[in-house]
1. Taking only protein heavy atoms into account and a 1.4 Å probe, give the accessible area per residue of the chain in Å².
2. Tell me the relative contact order for the chain as a rounded percent, counting alpha carbon contacts under 8 Å between residues six or more apart.
3. How do K67, K134 stack up against each other in accessible area, from largest to smallest, with a 1.4 angstrom probe?
4. Quote the FRET efficiency, to the nearest 0.05, computed for D47 versus S119 with a Förster distance R0 of 30 Å and r equal to the Cβ-Cβ distance.
5. When the accessible area of the chain is split by element with a 1.4 Å probe, what percent falls to carbon and sulfur?
6. For the chain, take the alpha-carbon Rg, divide it by the Kirkwood Rh, and send me Rg/Rh.
7. Assign one of three labels to the range 1-46, namely rounded, prolate or oblate, based on the Cα gyration tensor with a ≥ b ≥ c the square roots of its eigenvalues; rounded applies when a/c is under 1.5, prolate when it is not and a/b is larger than b/c, and oblate otherwise.
8. Measure nothing but the geometry: give the 0 to 90° angle between the long axis through the Cα atoms of 123-136 and the longest principal axis through the Cα atoms of the chain, rounded to 10°.
Amino acid sequence: EHGYLLDEQVGYLLRRAYQRNSLIFSDLIPGGLTTTQFSVMFRLGEDGPMSQNMLGRSVAMDGATTKGVVDRLVARNLLRTDRDPDDRRRYIISLTPEGIDMLNAAIDRAKEVTRTTLSPLKPAERQTFLRLLKRIV
């Protein structure tokens, strides 16, 4: 026949794995945060306030996606935007006190998301899987 098996294709398998991870994430992470919202908040928590452009690049999102995520988190009072005093055209994004609280509540749960997602694998397989994924991205 055509020799193509959907169940053997990398994109299909990655999508299925991502769907599994997303369901686990939505079950465990408080506040209804999405994976991209959590990534943005975590990066700000780790690296501190930064421009929206830098924030997007730091979590591998394009400008439009970053703006949407930031706008939704600002509307929830988890992030704030302030004009950059050095460049009035640019905004600096930072966590609000509520955002810091939400992030702190989510971090331990995020560790559980990873443990649960990788639970079908043996410990050595988990390390290998993560190492190989990093080589692809």
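1. 69 Å²
2. 25 percent
3. From most accessible down to least: K134, K67.
4. In this case the efficiency is close to 0.50.
5. Here it works out to 55 percent.
6. Radius of gyration relative to Kirkwood radius: 1.05.
7. prolate
8. Long axis of 123-136 versus the principal axis of the chain: about 70 degrees.
The values are calculated or read from the model by the stated rules, or taken from the named source; none is laboratory data. None of the values given here were measured: they were computed from a predicted structure. When we count neighbours, we look across all protein chains shown, and the Cβ atoms used for this are built from the backbone with ideal geometry, even at glycine. We work out accessible area using only protein heavy atoms, side chains counted, and drop any ligands, DNA or RNA first. Shrake-Rupley method; radii C 1.70, N 1.55, O 1.52, S 1.80 Å.
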